[in-house]
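Trainee: Right, I'll just put the structure down here and ask away after.
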Amino acid sequence: MRSEVKWLLTTAVALLLAGCSGPEPAAQQSMPAPEVAVVTLSSTSLALTTELPGRTTDYRQAEIRPQVNGILQQRLFTEGQLVTAGQVLYKIDAAPYQAALANAKANLASSKAVAHNARLKADRFKGLLGSKAVSQQDYDDAQASLMQAEAAVASSAAAVQSAQINLDYTEISAPISGQIGRSLVTEGALLTANQSQIMATVRQLDPIYLDLTQSSAELLKLKKQMRGDSTGQVSVDLLLDDGTEYAQQGSLQFSEAHVDPGTGMVTLRAVFPNKQGDLLPGMFVRARLHHGSDDNALLVPQAAVSRTPKGQASVLVVNADNKVEARVIQIGRTVAQSWQVLSGLQAGEQVIVAGLQKVRPGAAVRVVKAQAVADGQTAAQ
């Protein structure tokens, strides 16, 4: 009796264990592969641009200073107006310089009279020299007196020219065309030649320069890309401080011939048309340089890119067997919500953008396509 009971208990336990463990392998075998959303990479044409900070500066600038001493009598312009090269801006009291010019002219007339008399005397002595009426020494003295008189005429003529120049300097003219700022002197001010204080400043603002700063390493990349462009020209868009884009496009003129040893930066200069005068010197702006295009660019969504412990950019790729591969890539510039891929991926490959947390390299997956949504993330479709 006891043996029958023992057999029944043993059989019941065995059946119970078989019932608990038997379905588990079947359940495990029936678990589906995780689902991931992918994008299939395709080459596209990408415009190459670089955005740099900068400040506007005058195309030309002239500081107005007096070149003769005197009392300022008139100011002949309106502050802030456009002036043309040669336009008279100020007048200095000219009376002393007119008197100096008149005196110089009188001295010139006197010198000419002395020279005329010396010439007549030399001519007479020359005629008498053949008949021995005058000695050779007297003739030589007459010639020397003539030469001295002619030198005095030349000196007096130079004095007249100098006096005329000083008189002309009493009218202070604009050396360039442009917009003149405020006047720092008023009528009645005592001016001295070449004084340190300026009277006003004229700035040519059309066109206008934009000075940009860029690291020397980035400048080398820019030059390489420019060499690959058949035109070799770099057009520039201007982004104003309020975020709006300037209506007219400029062009890159040159880069500085040296690198700042303290910052490692290089100054670039662009020029922009400025007929309406919207751009003023000293404005802080940003410039977008267009320096060619990449006709076979690959873009990968930023959501697909992670970093390895070494800091390298990496993505998960689904291969032809629907298995996951980890791939280290090199990325370049950002384009909207994507990275430009420089190496590590090829067109036609499938990159996982959603479901990354559910898979590991080597795992089998089920693939669905992904599409970009408004917030820059990805969604399966």
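Computed from the coordinates by the stated procedures, all read-outs in this text should not be read as laboratory data. These figures come from a predicted structure and were not determined experimentally. Neighbour counts are summed over all protein chains in view; Cβ atoms, including those assigned to glycine, are modelled from backbone coordinates with ideal geometry.
Trainee: For the stretch 179-184, take each phi angle, set θ = phi - 60°, evaluate the Karplus expression 6.51 cos²θ - 1.76 cosθ + 1.60, and give the result in whole Hz per residue in order, putting x for glycine and proline.
Mentor: 9, 9, x, 6, 7, 9
Trainee: Could you grab the Rg to Rh ratio for the stretch 61-203? Cα atoms only, Kirkwood for Rh. Can you show the working numbers first?
Mentor: Working: Rg = 24.2 Å, Rh = 18.3 Å.
Across the stretch 61-203, the Cα-based Rg/Rh ratio is 1.32.
Trainee: Where a Cα-Cα gap under 18 Å defines reach, which aspartates and glutamates qualify for K91, not counting those fewer than 8 residues away within the same chain?
Mentor: E63, E79, D168, E171, E187
Trainee: Lysines within cross-link reach of K132: Cα-Cα under 23 Å, excluding same-chain residues under 8 positions apart?
Mentor: Filter leaves K121.
Trainee: Figure the gain on full extension for Q276 and R288 (residue separation times 0.36 nm, minus the Cα-Cα span) and round it to one decimal in nm. Display every interim value, and only then the final one.
Mentor: On the way: separation 12, 0.36 × 12 = 4.32 nm, distance 2.13 nm.
This chain segment gains 2.2 nm when fully extended.
Trainee: Hey, another quick one. Work out the FRET efficiency for A158 and Q87 from their Cβ-Cβ distance, taking R0 = 35 Å, and round it to the nearest 0.05.
Mentor: The computed FRET efficiency comes out at 0.75.
Trainee: For a quick check: with amide H placed at 1.01 Å from N, whose amide H comes under 5 Å from S251's, ignoring anything fewer than 5 positions away on the same chain?
Mentor: HN-HN under 5 Å from S251: V236, V271.
Trainee: What lysines does K323 reach when the alpha-carbon gap must be under 29 Å and sequence neighbours fewer than 8 apart in one chain are set aside?
Mentor: Correct list for K323: K310, K358, K369.
Trainee: Using +1 at the C-beta of Lys and Arg and -1 at the C-beta of Asp and Glu, which of G292, S135, V305 has the Cα lying farthest in the positive direction of the dipole of the chain?
Mentor: Farthest towards the positive end: V305.
Trainee: Looking at the chain, send over the antiparallel percent of its DSSP beta bridges, to the nearest 5.
Mentor: Once the DSSP bridges in the chain are tallied, antiparallel ones form about 95 percent.
Trainee: Can you bin the stretch 132-231 into rounded, prolate or oblate? Criterion: square roots of the alpha carbon gyration tensor eigenvalues sorted a ≥ b ≥ c, rounded for a/c under 1.5, prolate for a/b above b/c, oblate for the rest.
Mentor: Since a/c reaches 1.5 but b/c is at least a/b, the shape of the stretch 132-231 is classed as oblate.
Trainee: Moving on. Counting Lys +1, Arg +1, Asp -1, Glu -1, what net charge surrounds Q248 among other residues with beta carbon under 13 Å of its beta carbon?
Mentor: Local charge sum for Q248: -3.
Trainee: By its C-alpha gyration tensor, with a ≥ b ≥ c as the square roots of the eigenvalues, how is the stretch 231-301 shaped: rounded for a/c under 1.5, else prolate for a/b larger than b/c, else oblate?
Mentor: Oblate shape, in that a/c is at least 1.5 and b/c is the bigger or equal ratio.
Trainee: Can you tell me the relative contact order of the chain? Whole percent, Cα pairs under 8 Å, sequence separation 6 or more.
Mentor: Normalised by residue count, the contact order of the chain is 26 percent.
Trainee: Right, another one. So what J values fall out for the stretch 306-319 if you push phi through Karplus, 6.51 cos²θ - 1.76 cosθ + 1.60 with θ = phi - 60°, rounded to Hz, Gly and Pro as x?
Mentor: With coefficients 6.51, -1.76 and 1.60, one gets 10, 10, 7, x, 8, x, 7, 6, 9, 9, 9, 10, 9, 7 Hz.
Trainee: Still on this structure, please answer the following. Would you give the gap between the C-alpha center of the stretch 158-223 and the C-alpha center of the stretch 98-117, rounded to a whole Å?
Mentor: 37
Trainee: Quick one: dipole size for the chain, taken about the Cα centre, charges +1 on Lys/Arg Cβ and -1 on Asp/Glu Cβ, in debye to the nearest 20.
Mentor: 600
Trainee: Moving on to the next point. Take L240 and T263, extend 7 Å from each Cα along the Cα→Cβ direction, and tell me the distance between the two endpoints in nm.
Mentor: 2.5
Trainee: For K112 and S196 in the same chain, what is the full-extension length gain: residue separation times 0.36 nm, less their Cα-Cα distance, in nm?
Mentor: My answer for the length gained is 26.2 nm.
Trainee: Indicate the gyration tensor shape class of the chain (rounded, prolate or oblate), computed on the Cα atoms with a ≥ b ≥ c the square roots of the eigenvalues: a/c under 1.5 is rounded; otherwise a/b larger than b/c is prolate and the rest oblate.
Mentor: Working: a/c = 5.90, a/b = 3.87, b/c = 1.52.
It comes out prolate by the Cα gyration axes.
Trainee: Name the residues whose placed amide hydrogens come within less than 5 Å of the amide hydrogen of N274, ignoring near sequence neighbours (fewer than 5 apart) on the same chain.
Mentor: Long-range HN contacts for N274: I208.
Trainee: Remind me, relative contact order of the stretch 255-381 in percent, using alpha carbon pairs under 8 angstrom and six or more residues apart? Don't skip to the answer; put the middle values down first.
Mentor: On the way: 164 pairs, mean separation 24.0, N = 127.
It comes to 19 percent, rounded to a whole number.
Trainee: HN-Hα J couplings of the stretch 326-336 from phi, Karplus 6.51/-1.76/1.60, θ = phi - 60°, integer Hz, Gly and Pro as x?
Mentor: Ordered by residue, 3J(HN,Hα) equals 8, 9, 7, 10, 10, 10, x, 7, 8, 10, 6 Hz.
Trainee: Relative contact order (percent) for the stretch 141-266, with alpha-carbon contacts under 8 angstrom and 6 or more residues of separation?
Mentor: The value is 17 percent.
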